[in-house]
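**Q** I'd like to ask some things about the structure below.
The values are calculated or read from the model by the stated rules, or taken from the named source; none is laboratory data. Source: prediction; values computed, not measured. Quick reminder, even Gly has a Cβ in these numbers, built from the backbone with ideal geometry, and neighbours come from all protein chains shown. All accessible areas refer to the heavy atoms of the entire protein, side chains included, with ligands and DNA or RNA removed. Shrake-Rupley method; radii C 1.70, N 1.55, O 1.52, S 1.80 Å.
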Amino acid sequence: MSQYFQIHRTVGAGRRATLTLPHATVETPVFMPVGTQGTVKAIPQHLLEELDVRLLLGNTYHLYLRPGHEAIRRMGGLHRFMSWERAILTDSGGFQVFSLSDLRKVTEEGVAFRSHIDGSSHFFSPEHSMDVQIALGSDIAMAFDECTEYPADYARARASLDITLQWAKRSKEHFEAHKSSVPWAVDKAQGSELRAQERLEGQFPSLFGIVQGGMFAELRREAAERLVEMDFPGYAIGGLSVGEPRELTREMIATTLPLLPKDKPRYVMGVGYPDEIAEYARMGVDMMDCVLPTRAARHGLLFTSEGRLNIKNRQYAEDQGPVDGNCGCMVCRRYSRAYLRHLMAAQEPLAAVLNTVHNLAFYLETMRKVREEMA
Ligand SMILES: [Zn+2]
């Protein structure tokens with residue numbers, strides 16, 4: 001059994017495992033908070049540590065545009081820049097290029113696009129996406145892919161998948177040739193001080209392949225088979241949660257999972273509600289990320305053991321109870337619903353901080369309970 005991904009127990013299709021990354025040992029199934037711009041919005045890094053987050057996600061597209069991957073490389077990589085010693089997964093930039101940028105033009109070579117910040121022109125190829133992720137110094141990088149939009153007809157999903165599969169091969173070749181130049185591996189070689197030094201011994205980042213194929217089971221199957229032939233250390237299922245009905249998301253996951261190697265981590269990108277992430281974990285998904293807990297928090301939408309609540313509602317104006325009586329997070333232990341409602345009404349920045357801490361704690365606890373079921 002590999003040191004990288006050790007499965008301790010399987011219950012049905014679900015499994016409890018340990019993923020050993022250069023900067024952290026991660027218990028799976030795991031939920032990864034999204035740190036788009038080198039920050040999980042509203043939450044300082046020491047609070048993420050208190051929440052026992054071991055692995056978070058950074059967005060290649062955003063960090064490439066601002067402050068720039070070369071600037072981050074010069075500052076020792078993303079871990080050091082944001083003072084986060086635990087693990088980081090970066091996406092390929094593909095999803096944001098397709099969802100945020102203007103005037104994009106896709107060719108076999110790559111994607112030309114304009115920045116959503118200042119309109120400047122840029123070009124991402126698989127090789128360039130790998131260079132950016134290596135400069136950031138992620139523990140897990142993702143292959144450059146085209147996230148097929150929803151709805152897309154068969155011909156469109158077919159063409160999109162062909163590009164994604166070519167790009168996966170090019171991503172892997174370039175990544176394998178250059179992965180040893182991540183800033184923390186270079187630091188190590190040069191003998192400079194790095195607090196996590198011991199754990200980094202002999203370790204390099206890894207690259208996951210991404211299964212696309214739109215909402216067509218046949219294309220998902222082909223994508224999985226072709227990627228498995230390329231032999232990645234882990235596999236993601238992408239292109240979901242893009243507007244399709246929930247049953248279809250589940251169906252695509254259920255179709256794809258059995259085609260991925262049992263002994264490697266499986267990551268479903270961009271999902272979901274708390275009950276969904278628990279369900280997918282029981283189906284055999286090891287990793288998930290989503291902006292939902294953090295984004296919803298900033299809008300006053302809180303997840304609890306009794307369902308969702310909108311803290312802005314008048315009914316909480318003098319409610320002295322915690323957000324969730326069954327939650328032991330630092331917010332529920334200390335603050336009342338009435339206070340959180342007041343902070344939202346007064347548009348105080350602390351509202352975003354406290355709401356986000358609770359929502360993240362709830363998501364992390366949801367995954368901890370699933371792991372416990374499999375203990
Ligand atoms: Zn709480």
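**Q** Any residue at all in segment 106-127 that's acidic (Asp, Glu) and in contact with a strand residue (DSSP E or B) (Cβ under 6 Å, 6 or more places away or on another chain)? Steps first, please.
**A** Going residue by residue through segment 106-127, those that are acidic (Asp, Glu) are 108-109, 118, 127.
Keeping just the survivors that are in contact with a strand residue (DSSP E or B) (Cβ under 6 Å, 6 or more places away or on another chain) gives none.
Scanning segment 106-127, I find no residue that is acidic (Asp, Glu) and in contact with a strand residue (DSSP E or B) (Cβ under 6 Å, 6 or more places away or on another chain), so the answer is no.
**Q** Return only the number of the condition from (1) among the β-branched types (Val, Ile, Thr); (2) more than 15 Å from Leu51 (Cβ to Cβ); (3) touching a Cys at 6+ places or on another chain (Cβ under 9 Å) that Val357 does not satisfy.
**A** Val357 satisfies all of (1) among the β-branched types (Val, Ile, Thr); (2) more than 15 Å from Leu51 (Cβ to Cβ); (3) touching a Cys at 6+ places or on another chain (Cβ under 9 Å) except (2).
**Q** Then there's this: Within segment 307-316, is there a residue that is in a strand (DSSP E or B) and over 21 Å from Lys369 (Cα atoms)? Break it down into steps so the answer makes sense when it comes.
**A** If we filter segment 307-316 for residues that are in a strand (DSSP E or B), which is where we start, we get 307-310.
Applying the additional criterion that residues be over 21 Å from Lys369 (Cα atoms) yields 309-310.
Yes: one or more hits.
**Q** Filter segment 26-52 down to residues that are within 30 Å of Pro258 (Cβ to Cβ) and not in a strand (DSSP E or B) and give me whichever is farthest from the chain's Cα centre (by Cα). Give the derivation first.
**A** In the first step, residues of segment 26-52 are kept if they are within 30 Å of Pro258 (Cβ to Cβ); the result is 26-34.
The next check asks that each one be not in a strand (DSSP E or B); those that pass are 29, 33.
Values: Pro29: 13, Pro33: 7 Å.
Among those residues, the one meeting the criterion is Pro29.
**Q** Further question: For segment 27-34, state whether one or more residues are open to solvent by less than 40 Å² (accessible area, probe 1.4 Å), among the aromatic types (Phe, Trp, Tyr) and in contact with a strand residue (DSSP E or B) (Cβ under 6 Å, 6 or more places away or on another chain). Steps first, answer last, please.
**A** Let us first name the residues in segment 27-34 that are open to solvent by less than 40 Å² (accessible area, probe 1.4 Å), namely 28-34.
This time we only want the ones that are among the aromatic types (Phe, Trp, Tyr), so: 31.
Then drop every residue that is not in contact with a strand residue (DSSP E or B) (Cβ under 6 Å, 6 or more places away or on another chain), which leaves 31.
Yes, the conditions are met somewhere in segment 27-34.
**Q** Kindly provide the set of residues from segment 165-200 that are at pLDDT 95 or above, more than 20 Å from Val228 (Cβ to Cβ) and basic (Lys, Arg), ordered by number.
**A** Lys179 - this is the single residue of segment 165-200 that is at pLDDT 95 or above, more than 20 Å from Val228 (Cβ to Cβ) and basic (Lys, Arg).
**Q** Confirm whether His23 is open to solvent by less than 20 Å² (accessible area, probe 1.4 Å), of a type outside the set (Ser, Thr, Tyr), on the phi < 0 side of the Ramachandran plot and over 15 Å from the mean Cα position of the chain (by Cα).
**A** Details: open to solvent by less than 20 Å² (accessible area, probe 1.4 Å): yes; of a type outside the set (Ser, Thr, Tyr): yes; on the phi < 0 side of the Ramachandran plot: yes; over 15 Å from the mean Cα position of the chain (by Cα): yes.
The answer is yes for His23.
**Q** Go through segment 296-337 and report how many residues are away from the ligand (no atom under 14 Å from the Cβ), among the charged types (D, E, K, R) and without any contact (Cβ under 8 Å) to a residue 12 or more places away in the chain.
**A** Residues meeting the conditions: 1.
**Q** Please indicate, with yes or no, whether at least one residue in segment 278-287 is away from the ligand (no atom under 15 Å from the Cβ) and in contact with a Phe, Trp or Tyr (Cβ under 7 Å, 6 or more places away or on another chain).
**A** Narrowing segment 278-287 to residues away from the ligand (no atom under 15 Å from the Cβ): 278-287.
Now restrict to residues that are in contact with a Phe, Trp or Tyr (Cβ under 7 Å, 6 or more places away or on another chain): 286-287.
Among the residues of segment 278-287, at least one is away from the ligand (no atom under 15 Å from the Cβ) and in contact with a Phe, Trp or Tyr (Cβ under 7 Å, 6 or more places away or on another chain), which makes the answer yes.
**Q** Sticking with this one: Got a sec? Which strands (runs of 3 or more DSSP E) wholly within segment 87-183 have at least 2 residues that are of a type outside the set (Asp, Glu), within 28 Å of Glu222 (Cα to Cα) and open to solvent by less than 10 Å² (accessible area, probe 1.4 Å)?
**A** On the way: elements: 87-90, 102-106, 111-114, 121-124, 140-142.
The qualifying strands (runs of 3 or more DSSP E) are 87-90, 140-142.
**Q** Here is a follow-up. Return the pair list, or none, for Cβ contacts closer than 6 Å from residues in segment 1-13 that are surrounded by 10 or more Cβ atoms within 10 Å (Cβ to Cβ) to residues that are hydroxyl-bearing (Ser, Thr, Tyr) and not in a loop (DSSP other than H, G, I, E, B), at least 6 apart or on different chains.
**A** Listed by first residue and then by second, the contacts come to Tyr4/Thr20; Gln6/Thr18.
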